[in-house]
1. Within the set of other residues whose C-beta is less than 14 Å from the C-beta of B:Val32, count the net charge using Lys and Arg as +1 and Asp and Glu as -1.
2. May I ask you to compute the full-extension gain from B:Val357 to B:Tyr337, defined as 0.36 nm times their residue separation minus their alpha-carbon distance, rounded to one decimal in nm?
3. Return the distance in nm (one decimal) between the two label points of a simple spin-label model at A:Glu126 and B:Met321, each offset 7 Å from Cα along Cα→Cβ.
4. In percent, how large is the relative contact order of segment B:1-115, given Cα pairs closer than 8 Å and 6 or more residues apart?
5. Separation between the A:Ser43 and B:Ala275 pseudo-spin-labels, each 7 Å from Cα along Cα→Cβ, expressed in nm?
6. Taking only Cα atoms, what is the 0 to 90° angle, nearest 10, from helix B:14-48's long axis to the longest principal axis of chain B?
7. In deg cm²/dmol, rounded to 500, what helix-only [θ] at 222 nm does chain A give when every DSSP H run of at least 4 residues adds -39500 (n - 2.57) and the total is split over its residues?
8. Restrict the search to segment B:196-299; then list the trypsin sites (Lys or Arg not before Pro) that DSSP places in a loop and that have at most 14 other Cβ atoms within 10 Å of their Cβ.
Amino acid sequence: MSKFVIETKDLCKTYEGVVPVQAVNKVNLQIEDDEFTAIIGPSGSGKTTLLNMIGGLDRPTSGQMLVNGQNLAELSDNQLIDFRLKHIGFVFQSYNLIPVLTAKENTEFIMLLQKLPKEQRDARVEQLLEEVGLADKKDSRPSQLSGGQQQRVAVARALASKPDFVLADEPTANLDSHSAFNLLDIMARLNKEEGITFVFSTHDQRVIERARRVVTLVDGEIVSDERK
Amino acid sequence: MLVKIAWRNIWRNTTRSVVVIIAIALGLWAGVFASAFVQGMMRQKIETVIKAEMSDFQFHRPGFTDEYLAKLYMQNGEEIRSKVGTEESVIASSGRLISMGMVGSAKQNGAIKIVGIDPDDEAAVTGLNEQVLDGEYFEGVMRNPILISQATAEKFRVKLKSKLILTLQDVDGEIIAGAFRVVGIYKTENVMFDRMNVYVRQDDLRKLIKIETGLHEIAVSLNDHDLADPMATKYQVIHPDLSVQSWLDLATGMRMMVDMIDVYIYYIVGIILVALLFSILNTMLMAVLERVREIGMLMAVGMTKGKVFFMIMLETLILTMIGGPLGLLISWAFVTYYGVNGIDLGGAYDEVGFSSVIYPFLDGRSYLDVTFMVVIMAIVAAIYPAIKALNLNPVEAIRKI
Ligand SMILES: Nc1ncnc2c1ncn2[C@@H]1O[C@H](COP(=O)(O)OP(=O)(O)O)[C@@H](O)[C@H]1O
Ligand SMILES: [Mg+2]
């Protein structure tokens, strides 16, 4: 068993086209349990591509992608879906939630896919919405929530499956600074108090300051990796 | 939960869903009503053919109906008739002697089919007594009464009580003649039939053509026309030396027409359904394409392709399950109402032998058939959008975020 939750070895991704794009270039990154890591870099530097490969949404052109020691290349497409469901929580920039479901149902949904019994689901949904400060909004649909509230539901949903880590691709990009800080505070607290591993990308300078580790990408390569 | 999502997705765009439901209901209604119209029309036609002309099934000696030779009679005809009469499904039967002959009045001559009947038996099978316009049904004339049609009366310019001379061949082929007196004048819906047939008492004809016992034709009517074919087959086996035929084979072109009508109904329903299919398919496809990002997200967070497929299918199926029964209910109400009150075509089909007031009718099985076809259609319409959803690449879908 690897001591890293996430480990990439010479990870590369090239988009074929008239002009091939080397979106991620020989990335070697190790992330341990309990880390709170920001991946930063200018737009087009390869943050989304890297996170997609870490999350098993996209396959690398070359190199290895290990999650808890499991080489994702060894999994079939269907196994990968199952792996994502069990091991990885996702928060996207937007469209995280199913519009026709309430905050509570959106959070519960993942656990339903995991076939957890009702009592367990109910208890956990209550607890999670409590943690993201939305206990009173549990019956609201996404359209009745602000952008920041929606992202907090997305965090609750990502945590519902008790994943090994949570991947968040620019989770604050569509938020005003107050909501952005609020979301980051919640993530940081969950990291500190519950030991949840977060990897998130951002190019928002204010958000970067909250991270405990900052990995900087430029043109698909890691140019710096700092821990605070 | 998938059902919940599908259900709520349906009401996300109420107008669209209502349009789909109405389309399904209307399609079903159109299909059922068109089928019921054609089936009702056909049923009336069959009823006329069977009731007035053919009865449900008949016995003959093979080849008798080709030239109506007197010698081709069934020796044990009465025996067969009483045996058949014991069948539970048999309402009535009529034994006939038939002879082709010439009819002559003071003014004119012409060929005619002379049918020797027992008036009561014939009345029970064809209701001939109800078709009498003028005079009486074999009452009032003591010697050699004859019942002729209005068309024949006009052609030979004869009236009630007029004398007619029939010239025909007896069982040995000898030419003989007899004098008859017009006792009544009848008219059926079929002019061709009327021109051809005259009726006399069986015993009168029997003496003329010298057949002591036996019959040329036995016509049987049943309580269910669908039994005609099986009964004919059954008696054909019992009497291999005779020709036993149901109305489907007795009336020229009838079997073909009945078979065609079924195909015709399926064509109508088929065309309606194809139109419906494309409208549902198009609508559901739009619904899927609008939700590309959402579906991509679901696949990213761990929803399997099977579940995505099922979720999209469910939406169409739920819509069908609302629109279907609704359509059936409307159809049933329409068919029932017009089945009683009739639809007046104002004589558009008189010439081809169909009645001018149509009473739509649809049997339970056809309702089931149409419903089944609609459900199959809905599933087919659902599959394509669902497959489209499956082919989404979550990464691509999410990138659009
Ligand atoms: N599907 C794709 N096809 C071709 N090029 C792509 C595709 N996705 C991303 N790229 C390119 O790869 C590079 C990295 O993109 P991305 O990972 O989205 O960066 P970031 O998230 O840091 O903005 C960019 O140059 C982008 O244009
Ligand atoms: Mg990006």
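1. -1
2. On the way: separation 20, 0.36 × 20 = 7.20 nm, distance 1.37 nm.
Full extension from B:Val357 to B:Tyr337 adds 5.8 nm.
3. 3.2
4. Relative contact order here is 12 percent.
5. So the label points at A:Ser43 and B:Ala275 sit 5.0 nm apart.
6. 10
7. Details: 7 runs with 80 residues, N = 228.
Computed mean residue ellipticity for chain A: -10500 deg cm²/dmol.
8. Values: sites: B:Arg201, B:Arg206, B:Lys207, B:Lys210, B:Lys234, B:Arg255, B:Arg291, B:Arg293; in loops: B:Lys210, B:Arg291.
Listed in order of number, the matching sites are B:Lys210.
The numbers here are math on the coordinates, done by the rules we state, and not lab data. None of these values were measured; they are calculated from a predicted model. Every residue, glycine as well, gets a Cβ built from its backbone with ideal geometry; the counts of neighbours run over all protein chains shown.
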